[in-house]
Amino acid sequence: MNSLEHTLQQAFQLAVPEVALVGVACVLFLLGTARGVNRHLAGFIALGGLAIAAISHFTALPRVPGIETVTPLLGDKFAMFVRMAAFATGAALVLFAWNECDDRRSSDYMACLLIATAGSSLVGTANDLIFLFLALELVSIPTYVMLYLPGLQSKKGQEAVVKYFMLSVMSSAMLLFGFSYIYGLTGTTNLAAIQEILPRLVAGSESTTAIIAIVFVTAGLGFRITAFPFHFYAPDVYEGGPTGTVAFLAFVPKVSGFAALLKLFAFLGSAHAVANEFVKQAMMLFWILSAITMTAGNVMGLLQNNLKRMLAYSGVANAGYMLIGLAVMPTQAYRGIDEAVVATGPEAIMFYLLAYGAMTIGTLTVISHLHSPNRPVETVDDVAGLRETHPYSAALLGIFLLSMIGLPLTAGFAGKFLLFMSALAAPAAAPMRDLFVALAVIGAVNAAIGAYYYLRVINAMFLRTSLSAPTPRRTAGPLWVTAIICAVFTVAFGVYPLPMINLSRAAVGGL
Amino acid sequence: MLTSDLIRTLLPGLLLLPIAAGVALRFLDGQKARMAALSFAIAQLLLTIVIVAGGMFEVQDTAGLEALTNIREKRSGPVFAPRCVPGDPMTNGKQTFTTKFDVMPFSSGHPKIKAAQFFIGIDGLNIWLIGLAGVMLLPVVLLSWDTVTDRLGAYYSWLFLLQAGVTGAFLSFDLLFFYVCFELTLVPLLFLIGGWGPGPNRRDAARKLFLYTLAGGLMTLVGLAGTVLYVYDRTGELTFSIPKLAELIDVNMKRADEAGQASWQNAQMYLFLAMAFGFMVKIPLVPFHSWLPGAYSEAPPGVTVMLSALLAKMGTFGLLRICLPLAPDATLSVGMPLLGFLGAFGIVYGAMCAYMQTDFRRLVAYSSISHLGFCALAIVSFNSFGISGSVLHMVNHGLSTGAMFVLVGMLTRRYASSQIADFSGIWLKLPMLTFFMIFIALATVGLPGLNNFVSEVLMMGGLIDMRNTKVTGIVFAAVAGFGIFLSAWYTLTMIRTAFFGPLKEPQAAVGEVKDLTGRERFAIGPLALLCLLLGVMAQPVLDVMKRDSDRLAQVADDARLRVK
């Protein structure tokens, strides 16, 4: 067996956990046609599928293949980090969506969730443009079904699906268009090869074409991470969509979007030596995107009365914070040899992503738990006086919201602090250093603006009395497992962030 | 050595005890919660007394510091030397004034990149504030005894968590840990004011306080991170330890050439403004004070005492602990003109507003703005008198304004009104309360023999520093002196209106109005006693902080040579 063949064979072993997930999903699809399958069975099978995937990750883990430029898959630490995040999120969302669908549709829903989980996990592994695109679509396509299945009857739900579908397809087209430019420039679809070739090209006359490629790729992925101005679907879809799917939408596309952005634009770091101007243009692009995204998200968040719309804009704002990390990512290349790394953009993004996931999914679980058709929990007024009627729900929601505000001892604070540090710690030789300081200040101002609307909810829950009949008491279901896990994550990563920071750092070390 | 070890072991207790109390009190209610809160407060007071009493000698013992004295640089030991640090690695059984409790690292194993740490200790600047925090808790619990009747367990629980946050900020020698404590006090405050405030505007007041302070705090955070990274750029050492940073800045500013100093001074200016912003909101200095009257008058009486006695001090203490040593040149070039002007303006503005108030609590609230303006002014005068005077004044103001709010709380508990105009001749009805009120009022206006006089004289001495005259030092002193006069004017007017003259009472809130009960005497008595004690024998207190305030003033003297 020659080494090329060996490498390829090993590379495809990397996808075993995802293949297992898709296999279990197929079983679920088939089961969906059988009679007598209820949502509990579907849920347990889905959890079992995730367990199998996790086990096969640990047992069938191959070594990293030797020749990066030939494999479409790469099992580096980054891929493993994204995979673990995807599987953990998948499990949390299965529990979240346990009672989301009726018995008949549940197995279909769970199957879609597993496929999307597999997709987001593959984004981290992808080492090829085509493969990356397929992985991203593997996240998007099941999402359409997941948006549609639980809310079949409501008009708002249908509007949400159509809106998401149309814009998602358009963003995929833009992404593909950008990829075609990259392929046209470099003549290869392999990411490792692109990282080598593109820096040399952007030095010459091709820099305009490369900028166009970057803009289109960012636009396509900007839809997934809800960056301004590609966020317009978010509030409507969040408001109309089923809460379990909204939790999925709030987090999983952001993970895959940022993972793809980090993978694609890692080359900017190595391009600075030959194409300083080009790198500056790209950094400026992300700088502007970050500043506008967080400001727009927070300012529009101020105007919202509906909780899920508010969370949608909060998601936009949080994407803006994370984009700080992307904007400063190339500056690390300007670091002197003796200058040690303090906080880099990518590691801050990875940390903040998980923090954001825990607090957003957590918030949505509590809202979903309280909501019932007779006594909807949709607006800020609906949670008024929650402390009196549902003290534990109120306490959990309080923790998540304080974390979103960014108060110390929560994951939200540790993440924001790392992001601000990464902006302030741009090496001395890096261009636009003052602008990054300004970006940190803009971030801080934004955090203060954002506090206003999160605090409104906290105020309503703890300090006001209920306006209408109290929400009926509900028994704690699997949903609560998700809520408690999220709360533990939120507090633990805030009080003692050390292990998580080390993991994030190791994950992005190879970029 | 033995005391040092004992205090080192006990020091985390100052934080853990209130946190444990905060958790335990959650599960109690009614009389049980009251009794438990009282026991915890007494335990906290005893612990504080042990630590302060032992710490007094530890802090004055400079034997360990002399070893660190650098003759060539003409420096007498480090700028800050936190004693009795928990987790001190100890070389040869001697304190190293550092800790090994890492919390948030920024590099794996790089020797010059240190982690953010759990770094607490005592020195001359914070020891009396820790004492103040321990002392004030007891009157607060006693005052809340009958002014709070609803959900007692939760109320006391938040109160103790607030105490933990304040104490943590005073104890902290790590920038990030300081910030954590500084910001975390907002959560208890939000719930305490919004949940138990007596007035209808309590929620707005709580929200305003939260958002103002948070916004200021975030700017401070950027300033702190910026300072840490700027020092890293210049020296190659990344650390969040305040003593280490102060040291690096002190030494490297001296060694830098002209161009290096100029660029550093330029950076310091922005960093100082960012760092000071949060503290200016917290103190508060005019024009960042608009959250204060609402918060002070809407909070439950006990919390108002905490706010005025302790939380406002976090702002002034932050200036002292962080802004001064980390941006010494900017303190002189920007801090003195800017904060000085705001402070001086605040003294007069606060006093004028206080005179115009018709409500007891708002009057004391505005008087607090006036006094704290004076305190901030003395801090930025940046010399030995100013620093020791302002630390002493923080304690004195905490005691006297705290006591004033305790008395106002006792008065408003008895009557259904807090309008000054509704009262007259209360002396006839409540002689003992009136006695204490006059006593505390005299302390507040700076009567010789009572506590505020000493610190005001010291601060005034700091302001009349001829080296600072080019930034109108003498004018500031004149304004401050005028402010003291104004404070006598509005305080004595209030006393005359409400307590002298023919008897006129508003409607009683609870049955028959009686004079101070035993519990209330126990709440106010010790405070009044301490006011007297600090007035007649302040020298021991000043001796304890002498080494640390002198050393900080030395930093200022070096900076004065650089700032043209």
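The values are calculated or read from the model by the stated rules, or taken from the named source; none is laboratory data. Predicted, not measured: the structure shown is a model, and the values here were computed from it. Virtual Cβ from ideal backbone geometry, glycine too; neighbours counted across all protein chains shown. Just so you know, the surface numbers come from the protein's heavy atoms only, side chains and all, with ligands and any DNA or RNA stripped out. Shrake-Rupley method; radii C 1.70, N 1.55, O 1.52, S 1.80 Å.
State yes or no: is A:LEU463 crowded, with 20+ Cβ neighbours inside 10 Å, over 27 Å from B:MET219 (Cα atoms), more than 14 Å from every other protein chain (Cβ to nearest Cβ) and more than 20 Å from the chain's Cα centre (by Cα)? Criteria not met by A:LEU463.
If you filter the range A:431-454 down to residues that are open to solvent by less than 10 Å² (accessible area, probe 1.4 Å) and within 26 Å of A:GLU339 (Cα to Cα), you find that the one that is nearest to the other protein chains (Cβ to nearest Cβ) is A:ALA440.
Number of residues in the range B:180-192 that are at the interface with chain A (Cβ under 9 Å from one of its Cβ atoms) and under 22 Å from B:ASP146 (Cα atoms) equals 2.
Filter the range A:493-509 down to the residues that are over 20 Å from the mean Cα position of the chain (by Cα) and either more than 10 Å from chain B (Cβ to nearest Cβ) or over 26 Å from B:PHE210 (Cβ atoms) (or both), then identify the one that is surrounded by the fewest Cβ atoms within 10 Å (Cβ to Cβ). In this case the residue turns out to be A:PRO499.
Among the residues making up the range B:1-12, a single one is within 20 Å of the chain's Cα centre (by Cα) and crowded, with 18+ Cβ neighbours inside 10 Å: B:LEU11.
From the list B:ASP123, B:ASP174, B:ASP146, B:ASP102, the one residue that fits, being farther than 30 Å from B:ARG234 by Cβ and among the acidic types (Asp, Glu), is B:ASP146. Checking A:PHE400, A:PHE417, A:PHE413 one by one, the residue that is aromatic (Phe, Trp, Tyr), within 26 Å of B:LEU224 (Cα to Cα), in a helix (DSSP H, G or I) and away from chain B (no Cβ under 12 Å) is A:PHE400 and no other. Taking the listed residues A:ALA213, A:ALA227, A:ALA234, the one that is outside any helix (DSSP H, G or I) and aliphatic (A, V, I, L, M) is A:ALA227, with no other qualifying.
Let's see how each residue does on (1) within 20 Å of the chain's Cα centre (by Cα); (2) part of a helix (DSSP H, G or I):
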site: B:ILE495; (1), (2): no, yes
site: B:VAL510; (1), (2): no, no
site: B:VAL513; (1), (2): no, no
site: B:PRO526; (1), (2): yes, yes
site: B:CYS531; (1), (2): yes, yes
site: B:GLY535; (1), (2): yes, yes
site: B:LEU542; (1), (2): yes, yes
site: B:ALA559; (1), (2): no, yes
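Is it true that some residue in the range A:322-336 is at pLDDT below 90, surrounded by fewer than 22 Cβ atoms within 10 Å (Cβ to Cβ), under 27 Å from A:ALA85 (Cα atoms) and among the hydrophobic types (A, V, I, L, M, F, W, C)? Scanning the range A:322-336, I find no residue that is at pLDDT below 90, surrounded by fewer than 22 Cβ atoms within 10 Å (Cβ to Cβ), under 27 Å from A:ALA85 (Cα atoms) and among the hydrophobic types (A, V, I, L, M, F, W, C), so the answer is no. Just the residues that are open to solvent by 10 Å² or more (accessible area, probe 1.4 Å) and either farther than 26 Å from A:PHE96 by Cα or at pLDDT below 90 (or both), please, taken from the range A:116-144. Listed by number, the residues that qualify are A:ASP128, A:ILE130, A:PHE131, A:PHE133, A:LEU134.
Would you say A:PHE258 is touching a Ser or Thr at 6+ places or on another chain (Cβ under 9 Å) and either in contact (Cβ under 8 Å) with a residue 40 or more places away in the chain or not polar (S, T, N, Q) (or both)? Considered against the rule, which asks whether it is touching a Ser or Thr at 6+ places or on another chain (Cβ under 9 Å) and either in contact (Cβ under 8 Å) with a residue 40 or more places away in the chain or not polar (S, T, N, Q) (or both), A:PHE258 comes out as no. Screening B:THR401 on (1) of a type in the set (S, T, N, Q); (2) closer than 23 Å to B:ARG467 by Cα; (3) at pLDDT 90 or above shows it passes everything except condition (2).
For every residue, the table says whether it meets (1) free of Cβ contacts under 8 Å to residues at least 12 places away in the same chain; (2) more than 12 Å from chain A (Cβ to nearest Cβ); (3) open to solvent by less than 20 Å² (accessible area, probe 1.4 Å).
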residue	(1), (2), (3)
B:LEU224	no, no, yes
B:GLU237	no, no, no
B:SER241	no, yes, yes
B:LYS244	no, yes, no
B:ILE249	no, yes, yes
B:ASN252	no, yes, no
B:ASP257	yes, yes, no
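Conditions tested, residue by residue: (1) among the aromatic types (Phe, Trp, Tyr); (2) over 25 Å from B:VAL395 (Cβ atoms); (3) touching a residue at least 12 places away in the same chain (Cβ under 8 Å).
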position: B:ILE464; (1), (2), (3): no, no, yes
position: B:PHE476; (1), (2), (3): yes, no, yes
position: B:TRP489; (1), (2), (3): yes, no, yes
position: B:ALA509; (1), (2), (3): no, yes, yes
position: B:ARG519; (1), (2), (3): no, no, yes
position: B:VAL541; (1), (2), (3): no, no, yes
position: B:ARG562; (1), (2), (3): no, yes, yes
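Within the range B:207-222, being open to solvent by less than 10 Å² (accessible area, probe 1.4 Å) and more than 7 Å from chain A (Cβ to nearest Cβ) holds for B:LEU209, B:THR213, B:GLY216, B:GLY217, B:THR220. Only one of the numbered conditions (1) free of Cβ contacts under 8 Å to residues at least 60 places away in the same chain; (2) more than 10 Å from every other protein chain (Cβ to nearest Cβ) is not met by A:PRO472, and that is (1). No other residue among A:GLY398, A:GLY415, A:GLY385, A:GLY406 is under 15 Å from A:VAL488 (Cα atoms) and open to solvent by less than 10 Å² (accessible area, probe 1.4 Å) apart from A:GLY398. Given the residues B:ALA421, B:ALA443, which is the only one that is surrounded by fewer than 17 Cβ atoms within 10 Å (Cβ to Cβ) and of a type in the set (Gly, Ala, Ser)? Residue meeting the stated conditions: B:ALA421. Scanning the range B:89-134 for residues that are part of a loop (DSSP other than H, G, I, E, B), away from chain A (no Cβ under 14 Å) and open to solvent by less than 30 Å² (accessible area, probe 1.4 Å) yields B:PHE97, B:THR99, B:PHE119, B:GLY121, B:ASP123, B:GLY124, B:LEU125, B:ASN126.
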